[in-house]
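Heads up: the structure comes next, in structure tokens.
Laboratory data are not the source of any read-out in this text; all were calculated from the coordinates shown. Note that the coordinates shown come from a computational prediction; the quantities given were computed from them, not determined experimentally. All Cβ positions, glycine included, derive from the backbone under ideal geometry; neighbour counts span all protein chains shown.
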Amino acid sequence: MLLLDLTLPTPAENLALDEVLLERAEDSGGPCEVLRLWEAPAPFVVVGASSRVEQEVQEDACRRRNVPILRRASGGAAVLAGPGCLMYAVVLSFQLRPELRAIDRAHAFVLETLLAGLRPLAPLACREGTSDLAIEGRKFSGNSLRVKREHLLYHGTLLYDFNLALVGELLGKPPRQPPYRAGREHGSFVMNLPIERDALRAAVVRAWQAESVDADWPAAATARLAAEKYAVREWTHRHRGPGRHL
């Protein structure tokens, strides 16, 4: 599996790169798998493909703090990215892993792979809900996926030194909550992994056995998609019903 450890200058470019990596894999003519790691230098909110911004985001608070709001191409609820939150994305091939065409198998495979890397450092970490990772009922990772014909993109957050107070300040209550949340507010629901960044990064890379550096990432396509889609207000503030973005 290829490894791309790359944070781009803007939130739009960082979101665009995940999608472009998926499209590159689709256009490759064969299996193309890559693990990407990145970490935003400043906070920004990311809503899911079918999210309503006005429901899931405290827009006034974001404006006061000058925190941008963007929309990703995968499903799930709004998340907050920024310093202390390691972001990962993995593109996986259905040709190599045909069982992942079943969405529940895809969630299980990715999350169990991550847990295999994390448990030596956080032995109580486990799966919760559809696509969360948690310790003793407190969430440190939220995840979502996007499916194409021959590959899928699975990406998410890994909180390790994040300003958790910002989560409650900038995000509203998600419209759908897993039972294990039990109605808790953000402050009593989310947590940071007790792992330093370098050790966390190494654990994720080791879990995916990502050994070859992706030196030829699609820079031009990323810049174009960021400008034409992710930086466009109409994309962020659109709303449509749920589709194949789970």
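About the Cα centre of the stretch 1-120, how large is the charge dipole given +1 on each Lys and Arg Cβ and -1 on each Asp and Glu Cβ? Please answer in debye to the nearest 20.
240
Of Gln55, Val20, Leu170, whose Cα points farthest to the positive end of the dipole of the chain (charges on the beta-carbon: +1 Lys, Arg; -1 Asp, Glu; origin at the Cα centre)?
Gln55
Out of all DSSP beta bridges with both ends in the chain, state the antiparallel percent to the nearest 5. The partial results should precede the final answer.
On the way: 31 of 41 bridges.
Counting only bridges with both partners in the chain, antiparallel ones make up about 75 percent.
When the Cα centres of the stretch 125-141 and the stretch 189-234 are compared, how far apart do they sit, in Å?
If we compute the Cα centre of each part, the gap is 20 Å.
Can you grab the distance from the C-alpha centre of the stretch 1-50 to the C-alpha centre of the stretch 51-108, Å, no decimals?
With the stretch 1-50 and the stretch 51-108 each reduced to a Cα centre, they are spaced 11 Å.
Restricting things to alpha carbons, tell me how big the chain is in terms of Rg and Dmax, in Å.
Spelled out, the Cα radius of gyration and Dmax of the chain are 16.8, 47 Å.
Quote the charge dipole size of the chain about the Cα centre in Debye, to the nearest 20; the model charges only the Cβ of Lys and Arg (+1) and of Asp and Glu (-1).
Here the chain has a charge dipole of around 720 debye.
Using Cα pairs closer than 8 Å and at least 6 residues apart in sequence, work out the relative contact order for the chain, in percent.
Averaging sequence separation for qualifying contacts and normalising by length gives 29 percent for the chain.
In the stretch 73-112, whose amide N lies under 20 Å from the spot 7 Å out along Cα-to-Cβ of Glu26? List them in ranges.
Answer for this model: 73-76, 89-104, 106-107.
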